[in-house]
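The values are calculated or read from the model by the stated rules, or taken from the named source; none is laboratory data. Computed from a predicted structure; not experimentally measured. Glycine gets a Cβ as well: all are built from the backbone with ideal geometry, and neighbour counts include every protein chain shown.
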Amino acid sequence: MSEWEVRMSTSKGLPYFFNTQTKQSSWEAPSGLTPEQINQLPGAKQYLSKEGGGGANAGKVRASHLLVKHRDSRRPSSWKENNITRSKEEAIDILRQYQAEINGSPEKFAELASIHSDCSSHSNGGDLGWFSRGQMQKPFEDAAYGLEVGAMSDIISTDSGVHLVLRTG
Ligand SMILES: O=C(N[C@H](Cc1nc2ccccc2[nH]1)C(=O)O)c1cc2ccccc2s1
């Protein structure tokens, strides 16, 4: 038990378990450890607790998103398209296709967000960084805070358009 610790995968933005003796790593907590034991592991407070532990990101979450804007969006233009005229229904249909292609893969999510997202965060695979409650539009905040790390939302709608959200921290 003492040889295990929790680390953060920078490529996936997800915590993982590392055995300092065997050098083995695993996304899943080592079997045989109780939740209490897991929470005592080095790195657990910082990386495992639901909202960023007691560190600088306490109470914050990290998320990426794929945004498809439509003609009723607050700002119906983006890096991709100067004047966005698709309807909200068309935007939802488009996002459903991306959702199916992503099929739960964080890597695929980042790839499609970088190509298709109507948000300037596309250049960083859709990553919005860490944020606290009160910073993002409420439907987006509620979706992000309602997800476990590594989980994706269904399609949500804000004044900016329709989104898929991936919680990464
Ligand atoms: O509001 C932004 N971009 C808007 C679109 C948009 N609207 C959003 C609403 C909620 C969460 C993210 C959102 N992105 C735009 O480009 O018209 C942000 C871009 C970025 C980029 C990096 C980090 C945070 C942000 S927030």
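In the stretch 75-108, which residues are aromatic (Phe, Trp, Tyr) and over 19 Å from Ser157 (Cα atoms)?
The one that is aromatic (Phe, Trp, Tyr) and over 19 Å from Ser157 (Cα atoms): Trp79.
Could you grab me the full set of residues in the stretch 88-97 that are surrounded by fewer than 20 Cβ atoms within 10 Å (Cβ to Cβ) and either within 16 Å of Gly125 (Cβ to Cβ) or not polar (S, T, N, Q) (or both)?
The answer is Lys88, Glu89, Glu90, Ile92, Asp93, Ile94, Arg96.
So which of Ser123, Ser73, Ser77 ends up being of a type in the set (S, T, N, Q) and touching a strand residue (DSSP E or B) at 6+ places or on another chain (Cβ under 9 Å)?
The match here is Ser73.
From the residues in the stretch 1-17 that are out of contact with any Leu (no Cβ under 7 Å at 6 or more places or on another chain) and part of a strand (DSSP E or B), which one is farthest from Leu48 (Cα to Cα)?
This residue is Ser9.
State whether the residues of the stretch 109-116 include one that is assigned by the TED database to the domain that holds Leu147 and assigned to a loop (DSSP other than H, G, I, E, B).
No: the stretch 109-116 contains no residue that is assigned by the TED database to the domain that holds Leu147 and assigned to a loop (DSSP other than H, G, I, E, B).
Could you please find all residues in the stretch 61-87 being surrounded by fewer than 18 Cβ atoms within 10 Å (Cβ to Cβ) and away from the ligand (no atom under 11 Å from the Cβ)?
Residues satisfying the conditions are Arg71, Asp72, Glu81, Asn82, Asn83, Thr85, Ser87.
Quick one: what pairs do we get from the stretch 74-97, first residue in contact (Cβ under 8 Å) with a residue 60 or more places away in the chain, second not aliphatic (A, V, I, L, M), C-beta under 7 Å, 6+ apart or different chains?
Arg74/Asp159; Arg74/Ser160; Lys88/His70; Lys88/Asp72; Ala91/Lys69; Ala91/His70; Ala91/Gly161
Does the stretch 18-27 contain any residue that is surrounded by 14 or more Cβ atoms within 10 Å (Cβ to Cβ), assigned to a loop (DSSP other than H, G, I, E, B) and in contact with a strand residue (DSSP E or B) (Cβ under 9 Å, 6 or more places away or on another chain)?
no
Mind listing whichever residues of the stretch 131-169 are near the ligand (Cβ under 10 Å from one of its atoms) and hydrophobic (A, V, I, L, M, F, W, C)? Reasoning before the result, please.
Going through the stretch 131-169, the residues near the ligand (Cβ under 10 Å from one of its atoms) turn out to be 131, 135-141, 143-144, 156, 158-161, 163, 165.
If the condition is that a residue be near the ligand (Cβ under 10 Å from one of its atoms) and hydrophobic (A, V, I, L, M, F, W, C), then Phe131, Met136, Phe140, Ala143, Ala144, Ile156, Val165 are the ones that fit.
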